[in-house]
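Have a look at the structure below before the remarks.
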Amino acid sequence: MIARANLLAAQGDAIAATQDFTQAISFNSNSADALTGRANLALAQGDPSSALADFERAIAIDPENADAYFSRGRLRAEQGNQAGAIADFNLAAELYLQAGRAAEYRQVIQAVTALRQVR
């Protein structure tokens, strides 16, 4: 179900993707991946409070979820919380590096660099 939700999101069908993520969460309320996916859609759809709640739950369930930290960092940056964003980006970068996810690591470093230039 999560794979289908990710595919639907990539195809631009946010409504169906959100429904699939929500259904996956109803089957397994501890699915950090489903929570992170649904949070990213909520953020993209302009619902930062729902996004933040899902990111927080995902991180509480899986404190090594680099994707959740990175996305929560993006949300915090959008809300003007630069210190919180940088903290999340730093955690995400460390976790991506540990997991050997070089492309994601570089993406986080770019986000931190851009955020620091705004200061």
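Go through (1) part of a loop (DSSP other than H, G, I, E, B); (2) farther than 19 Å from Arg74 by Cα for Gly46 and report which single condition fails.
(2)
State whether the residues of the stretch 71-86 include one that is at pLDDT 95 or above and closer than 16 Å to Ala5 by Cβ.
Within the stretch 71-86, one or more residues are at pLDDT 95 or above and closer than 16 Å to Ala5 by Cβ.
Of everything in the stretch 19-51 that's over 10 Å from the mean Cα position of the chain (by Cα) and among the charged types (D, E, K, R), which residue is farthest from Ala5 (Cα to Cα)?
Asp47
Could you please find all residues in the stretch 52-62 being surrounded by 22 or more Cβ atoms within 10 Å (Cβ to Cβ) and out of contact with any Lys or Arg (no Cβ under 8 Å at 6 or more places or on another chain)?
Ala58 - this is the single residue of the stretch 52-62 that is surrounded by 22 or more Cβ atoms within 10 Å (Cβ to Cβ) and out of contact with any Lys or Arg (no Cβ under 8 Å at 6 or more places or on another chain).
Is there a residue being of a type in the set (A, V, I, L, M, F, W, C) and not assigned by TED's automatic domain parsing to the domain that holds Ile2 anywhere in the stretch 72-81?
yes
When you go through (1) touching a helix residue (DSSP H, G or I) at 6+ places or on another chain (Cβ under 6 Å); (2) without any contact (Cβ under 8 Å) to a residue 12 or more places away in the chain one by one for Ala60, which number turns out not to apply?
(1)
Quick one: which residue in Asn65, Asn40, Asn81 is surrounded by 20 or more Cβ atoms within 10 Å (Cβ to Cβ), polar (S, T, N, Q) and touching a Leu at 6+ places or on another chain (Cβ under 9 Å)?
Asn65
Within the stretch 82-101, is even one residue at positive phi and not in a helix (DSSP H, G or I)?
The answer is yes, given that some residue of the stretch 82-101 is at positive phi and not in a helix (DSSP H, G or I).
Look through the stretch 9-32, keep the residues that are among the hydroxyl-bearing types (Ser, Thr, Tyr) and surrounded by 12 or more Cβ atoms within 10 Å (Cβ to Cβ), and return whichever of them is farthest from Glu56 (Cα to Cα).
Step by step, filter the stretch 9-32, then rank; the result is Thr18.
Give the residue, chosen from Ala32, Ala17, that is closer than 28 Å to Ala102 by Cα, touching a residue at least 12 places away in the same chain (Cβ under 8 Å), in contact with a Gly (Cβ under 8 Å, 6 or more places away or on another chain) and not assigned by TED's automatic domain parsing to the domain that holds Glu104.
Answer to the check: Ala17.
For the stretch 55-67, enumerate the residues that are within 22 Å of Gln107 (Cα to Cα) and in a helix (DSSP H, G or I).
Phe55, Glu56, Ala58, Ile59, Ala66, Asp67
The values are calculated or read from the model by the stated rules, or taken from the named source; none is laboratory data. What you are looking at is a predicted structure, and each value in this text was computed from that prediction instead of being measured. So basically every Cβ, Gly included, is an ideal-geometry build from the backbone, and we count neighbours across all protein chains shown.
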